[in-house]
Each structure stands twice: as C-alpha cells, then as structure tokens.
Amino acid sequence: MTDRYPGTHNVIDGPADGAANVTPSGDALANTTRAIYVGGAGHLAVRMKSGEDLLFSSVPAGTILPIRVTHIYGTGGSPGIETTATLIVAMY
C-alpha cells in the first residue's frame, strides 16, 4: 500500500496513526490517547493525561471525543465513576 504522505509529521491535531480496542479496567493504557471512539452509548470514566478523573455522562454511540487519557475505568474504578459505554477504541 502506498502512503501518500510519507514525509508528514505526526502532530496532536492531525489524524491518528494507531488505535487499539479497549476493555475498560482501570489499568494504564499502552499509549496516551489523542482521541477515544465510543461505539456503544453510555458513560465513559477516564483519567485525563493531566491526572484528573472524570466521567463523561451519556456519550452517544458513534462519538469521537478528542481527549488525551491514560486510563479508562471499568466497574469499581475510581471512587464513584465507572464506564458503561461499549465498543471503545483508543486512538493515538
């Protein structure tokens, strides 16, 4: 396959060049994300790169959130927050 843009630099506001399916667990992700895709609607509990734990409530299916996170919490994650969204893809 030909890469039409071989000389371009990977910048934070450019498109992702890697991705991984995520099962929420609270474990550190392999890479800090540049965005998260939520395929199945629900809540998304994360630790931001800056260290804050946040809950994104009622994220609709098919949403891409341009957020930099290091963790995605499953059930019993950070006190009071857990992920109910499904089909999550971390993009980096």
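The values are calculated or read from the model by the stated rules, or taken from the named source; none is laboratory data. This one's a predicted model, so the numbers in the text were calculated from it and none came from an experiment. In this analysis, Cβ positions are derived from the backbone assuming ideal geometry, glycine residues included, and neighbour counts consider all displayed protein chains. The protein model used for the area step is the full one, side chains on, heavy atoms only, and it has no ligands, DNA or RNA in it. Shrake-Rupley method; radii C 1.70, N 1.55, O 1.52, S 1.80 Å.
Some values worked out for this structure:
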quantity	calculated
Kirkwood hydrodynamic radius of the chain, from inverse mean 1/r over distinct Cα pairs, in Å	13.5
Within a Gaussian network of the chain (alpha carbon springs, distance under 10 Å), most fluctuating of 27, 17, 53	17
GNM result for the chain, Cα springs below 10 Å: residue of 58, 50, 25 fluctuating most strongly	50
Most to least accessible of 4, 34, 47 (protein chains only, probe 1.4 Å)	4, 47, 34
R0 of 25 Å, Cβ-Cβ distance residue 50-residue 13: FRET efficiency to nearest 0.05	0.90
